[in-house]
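The structure appears right after this line, and notes come after that.
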Amino acid sequence: MDQATKLRELINRKKLPSTSNIIKSDGKSKPSTRIICITSGKGGVGKTNFTANLAIALANLNKKVVVIDADLGLANVDVILGVIPQHTLLDVVKFNKSITDVMTTGPRGIKVISGGSGIHDLVDMSKESLEILIEQFNEINSHADILLIDTGAGLSKSVMSFVLAADEIIVVTTSEPTSITDAYAMIKTIGGYKESKKIKVIINRVENTNEGKATFEKLKNAAEKFLGIGIEKLGFIIDDYHVSRAVKIQNPFIIEYPNSSAAKSIEMIALKLIDPLEGEKEFIKTQSFINKVISLFR
């Protein structure tokens, strides 16, 4: 039995909050925490930066957000957010820390759980150790409306374990042919597990909305024709020099440059996650405005 299957079975058995309602002390049920996994077929597409800024955008919409940095061995959400974690998930498994002990508070009150380089051990973790970790995940429910899991890139067992454990999946890609090909491979792999998963797609670093639409349509048509899998357009992020500037000073661009095109794109994506209909209307209006502004400088 592979690790992905083991992890999914443990989550179902332990009733991770994503699959159940939690009864509060007043007797009323608490809505389940939404577990959203953010992944990509290849590295360098801006996945982690997207995750960090999306978390803040959701917090700005009055959502309690916890981010788990599961980019095994290359965890750097904390770097982008400008926080210094004292503990990682490895401390939960090896040193009996609770999941709340390893949470670090980031901008806008979001909580960050770092994977750390040692989390490579997750691949070879025993069933008992994995149970400890999954049991601890239940504690997140009281701290989060939304749990964002930032995975590594590619199709390794560790990446797929987190991807297949989530309720919703966001695949981040760019318009580059190699990135589209790798995103297609990720979608194909997810579909190969014969599980019903909501797969949403973000096209990052596009020159304009038309490029984003064309890229998404290529991916959508290929997924439907050759894989029989439907994917959903979550949005596009305009290529913006403010993004790299913000990384250099270790402050998320949505905070440092709130009026930048990238920040506005992230805000609309967050709104669409919360309210799909309203978010889509606002997204269309915002993208139209951004395209007009960009055209003035060409």
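The values are calculated or read from the model by the stated rules, or taken from the named source; none is laboratory data. All values derive from a computational prediction rather than experimental measurement. Positions of Cβ are generated from backbone atoms using ideal geometry, with glycine treated the same way; all protein chains shown enter the neighbour counts.
Exactly one condition in (1) surrounded by fewer than 22 Cβ atoms within 10 Å (Cβ to Cβ); (2) within 20 Å of the chain's Cα centre (by Cα); (3) modelled with pLDDT of 75 or more is false for residue 90; which is it?
With respect to (1) surrounded by fewer than 22 Cβ atoms within 10 Å (Cβ to Cβ); (2) within 20 Å of the chain's Cα centre (by Cα); (3) modelled with pLDDT of 75 or more, residue 90 is out only on (2).
Please determine, by comparing only the residues of the stretch 44-53 that are touching a helix residue (DSSP H, G or I) at 6+ places or on another chain (Cβ under 6 Å) and of a type outside the set (S, T, N, Q), which one is nearest to residue 235 (Cα to Cα).
Checked the stretch 44-53; the qualifying residue nearest to residue 235 (Cα to Cα) is 45.
Against the condition touching a Gly at 6+ places or on another chain (Cβ under 8 Å), among the hydrophobic types (A, V, I, L, M, F, W, C) and either modelled with pLDDT of 95 or more or part of a helix (DSSP H, G or I) (or both), how does residue 214 come out, does it pass?
Here the answer is no, as residue 214 does not meet what is asked.
Sort out which residues of the stretch 145-185 are in a helix (DSSP H, G or I), in contact with a helix residue (DSSP H, G or I) (Cβ under 8 Å, 6 or more places away or on another chain) and within 28 Å of residue 211 (Cβ to Cβ), and write them in order of number.
Scanning the stretch 145-185 gives 163, 180, 183, 184.
In this structure, is residue 230 over 17 Å from the mean Cα position of the chain (by Cα) and within 28 Å of residue 33 (Cα to Cα)?
Criteria met by residue 230.
From the list 226, 216, which one is buried (at least 16 other Cβ atoms within 10 Å of the Cβ) and either hydrophobic (A, V, I, L, M, F, W, C) or free of Cβ contacts under 8 Å to residues at least 40 places away in the same chain (or both)?
From the options 226, 216, the qualifying one is 216.
From 231, 238, 190, 203, which residue is among the β-branched types (Val, Ile, Thr), over 30 Å from residue 84 (Cα atoms) and free of Cβ contacts under 8 Å to residues at least 60 places away in the same chain?
Being among the β-branched types (Val, Ile, Thr), over 30 Å from residue 84 (Cα atoms) and free of Cβ contacts under 8 Å to residues at least 60 places away in the same chain holds for just one of 231, 238, 190, 203, which is 190.
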